[in-house]
Structure formats: C-alpha cells, structure tokens
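The structure appears right after this line, and notes come after that.
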Amino acid sequence: MIYHLMVWEKTAGTNRIVGEMISEVSDGGRTKSAFRYDREYLEHDYSFALDPVSLPLKPDHFSTDRSGVFGVFEDSLPDDWGRKLLVRKLQIPRHDQNLPNLLLVLGNAGLGALSFSSQGAPAPPPSETSITFLSDLVIAAEAFEYGEIQESELALLFRAGSSPGGARPKAVVYDKENDIHYIAKFPSIKDQVDVVKIEAATMLVAAGAGLDVPDTRLIQCAKKSILLVRRFDVIPTGRRHMISFHTLLKAAGYYQARYQELLLVIRKHSSNPLVDSERLYRQMVFNAVMGNTDDHLKNFWMIYDREQGWRLSPAFDLVPDIGQNGEHVLLFDIGSYNPGRSKLENIGRQWGIRNADVVVSQVFDAVGDWKDKFASTGVSDNNIKFFKEIDRNLVAP
C-alpha cells in the first residue's frame, strides 16, 4: 500500500505547505518512507527545519534510515491512550493501523504545529471541547477503561482527543472564558496511589525548585481529582512546533541514553544554549532527588516558534518513583540510579554549568519541603509514606 501525505505547519496560525512524504507499507506491515520539502517553502526566510538533525532545510530527498515514518511526524500522533481512541473512533481495521494512515486520519487534530492531508489543505480542526464537559469526560474515560462505555460517551471522548506522552487517561479541553487550552489528566482504574494529586504536588515542588513548568490547576469533577496542565504548544500567533528527544537522538527499541546526550543536542540547536543547558541540568537534578525515574526521551522536547527559535520545552509529566524501582531511564553518567548530591554537582561542573552548586542547593532546598507540599495538595499520609525514598535522596552524599 502506498500513502501520499502532504505535510503542513501552522506556526503563524494558518496551514502552510511544508513538503510531502511517500510511505510504502508492505503486506507484512513493514513501512519505509521518503520526504522532501516544498520548493516554495524552502525559499522563504521564515521557514525552519522540521527536524534539524534528520530533516535539515535542504532541497534533498530524505529516506527513513529505519522502518517506519520520520520520527518528527510520529511525534504528532497521540499516545497509547489517544491512539486507542483514534482507532476506535474510525473503526480502523488492524491491517490499516499503520503510522502513515494514522497520520492521515489525525489530519489537523494533533498537538503541535503539524497537520497532514492526502490532497489539498487539511480539513479544519474539530471544535475544541469545553472545560465545562470535564465531569462527563472523566466518567467516560473510566467507562472506556472498564470497557463499558456507551456510544454517547465515546463521541465526547473522541472530540476531546488526546496528547503525546504516556498511556494514562487524558483529554484536551478549552477554557473559553479565560482563553486557556489545557490537557486534562484523569485518574486511572489501575492506580495504586493517587497519581493525579501526586503529579499536581510534584509540579508544585518543581516550580519552587526553579524548573520551568506549565501552569497547573487541580480540580474536583464527578468526585474525582483532575489535573489541568496548560498547553505550551498554543500561543497567540499560532502553534509551536514540537519534536521529542526520542526523535532528535534517533532512539529506537530498548535504547540506552545519557542526560549528556540531550545536552549536546541543546548546545547545537537551541537559540539560547546557555539558558537551556542550565534548565536541563536543573531538571536532571530534580529528577534525581525527587525520584522521577520516568525520565524517558518522550518526556523531553524541543519547541520552535518564530520569535524564539528552538528552545527546550517546559518540564512536564513529573512524578516521584511510583513504580518503586529506583532505576532511571536516562543515565546520569554511567549509572541509572540517583548518584547523590556531590556527584550531581560534579556533573554540573563537567557540563560547564554556571554555579552548579547553587542550582543543586536550590533544588534540594525546594524538595526538602516536599511532604508539606504534598499534604497541602491533598495527598494522603499513606501515599506520602509511599515515597520515603525522597528523604533518603535528600541526604545521599
């Protein structure tokens, strides 16, 4: 099966053709793709490379160096939760659930700045789901997890869509009164602890530690806690383009990567590498002491807009070690466990971070207050005790 995809971007608010991708899917499901930028797109000085590593702004034909589509396009697709909804909504047969076809059916409904069509401009995006439907959405999400959802509830979930990163229930909603776009995160029937409140509390601690994090709101709907996270891809002039470090580092399968590899990408492509390097370092220190072991490459992104160029995105999906395994996805140096305060300071000096010891002190001081922050957010005493490892991280030499 051959798929022809026209690729569009809307950093200025309206869809503009970027290029085209041809994908061939074999009978066995193996996919190979080729992409080229549109000549007119290349001629404009406000154009940018969709992927500065694998798709530089050149009049070349690019081919995937591994099976599938280009990573920056796959980044546009929803996560596992949203992908299940997409397949269910359109009743896509299993043999058609390949990446090129999913991009086509996604069309203009994804997060970030990219859109896709088979011919002509993408259809207008679906109307945004109002924040007033949150109670209905959380009930529908729970019914979907239980496999007992009604068609009327499905229609509501379909309209709300989903977002990149993770496999937990969530939806995209719009607060029209305040003109704010949110990702709403819901509890899951699989939760052993109150993940929603725990994430809300962790984001509060992170803000106190000096991390750049999106605005969040913890609210109650249908007797459930819901975390609203402000979207950072939506700006007054249009959309920010987003690309994951999973794509930038060409990671595949069971990869092994170090924080320093992210640093090298930032120093090469960020329009403000000095500031973004320190932001990455601060987040690494926070992840270590807070025990955020879910620090995989899909939880780190670069974003692009015309005013700022390429920048490290705000930090998101921050939680302590809910799985209680202690092992981080990213290596700090040569190890995947919290290296301790002195080693974190040494890493900062090796990276050339200004006042690395000050950054470490600020993060440790903020995390030192974690129990109070968790309690003030409504996290139960039993859930707080579940994360006693944080206290051990705070005193590790």
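A short reminder: the numbers here are calculations on the coordinates, not readings from a lab. Because the structure is a prediction, the values reported are computed rather than measured. All Cβ positions, glycine included, derive from the backbone under ideal geometry; neighbour counts span all protein chains shown.
Put simply, when 68-75, 196-203 are sorted by average Cβ atoms within 10 angstrom per residue, most first, you get 196-203, 68-75. Rounded, prolate or oblate: which one fits the range 204-262, using the alpha carbon gyration tensor with axes a ≥ b ≥ c (rounded when a/c is under 1.5, else prolate when a/b beats b/c, else oblate)? Prolate is the answer for the range 204-262, as a/c is 1.5 or above and a/b outweighs b/c.
Sequence-distant contacts, meaning Cα pairs under 8 Å at least 6 residues apart, place the relative contact order of the range 2-117 at 28 percent. Loop-resident GluC sites (Glu not before Pro) (DSSP state other than H, G, I, E or B) in the range 116-162 with no more than 12 further Cβ atoms inside 10 Å of their Cβ: E148.
Only Cα pairs under 8 Å and 6+ residues apart enter the sum, and on that basis the relative contact order of the chain stands at 14 percent. A simple spin-label model places pseudo-atoms 7 Å from Cα toward Cβ; at V87 and K343 they are separated by 3.9 nm. So if R0 is 41 Å, what FRET efficiency would A12 and R354 give, r being the distance between their Cβ atoms, rounded to the nearest 0.05? Result of the calculation: an efficiency of 0.70. Residues in the range 180-214, backbone N under 17 Å from the label point at S361 (7 Å along the Cα-to-beta-carbon vector): list them, ranges by number please. So the set is 209-210.
Taking a point 7 Å out from the Cα of Q324 in the direction of its Cβ, the residues of the range 192-214 whose backbone N falls within less than 18 Å of it are 192-196, 198-199. Relative contact order of the range 240-395: 26 percent, from C-alpha pairs under 8 Å at least 6 residues apart in sequence. A Förster distance of 51 Å, applied to the separation of the beta-carbon atoms of S26 and T132, puts the FRET efficiency at 0.65.
In this structure, the residue pairs whose Cα-Cα separation is over 25 Å, taken from K185/K298; K84/K385; K343/K373; K10/K298; K32/K190; K84/K388, are K84/K385; K343/K373; K32/K190; K84/K388. Kirkwood analysis of the range 2-117, using all unique Cα-Cα pairs, places the hydrodynamic radius at 14.7 Å.
Of all beta bridges DSSP finds with both residues in the chain, what is the antiparallel percent, to the nearest 5? Let's see the in-between values first.
Numbers: 48 of 51 bridges.
In the chain, DSSP labels about 95 percent of beta bridges as antiparallel.
When the Cα atoms of the chain are aligned to their principal axes, the ranges along those axes come out at 59, 50, 44 Å in descending order.
Each of R240, R30, R231 has some number of other Cβ atoms within 10 Å of its Cβ, and from fewest to most they run R30, R231, R240. Its alpha carbons give the range 95-215 an Rg and a Dmax of 16.4, 48 Å. Does anything in the range 217-241 have its amide N under 11 Å from the 7 Å Cα→Cβ label point of D175, and if so which residues? Only 217-219, 228-231 fall inside the zone, counting backbone N under 11 Å.
Annotation: the antiparallel percentage among DSSP beta bridges lying fully within the range 240-395 is about 80. Applying both filters, DSSP loop and at most 16 other Cβ atoms within 10 Å, to the chymotrypsin sites (Phe, Trp or Tyr not before Pro) of the range 298-397 gives Y337.
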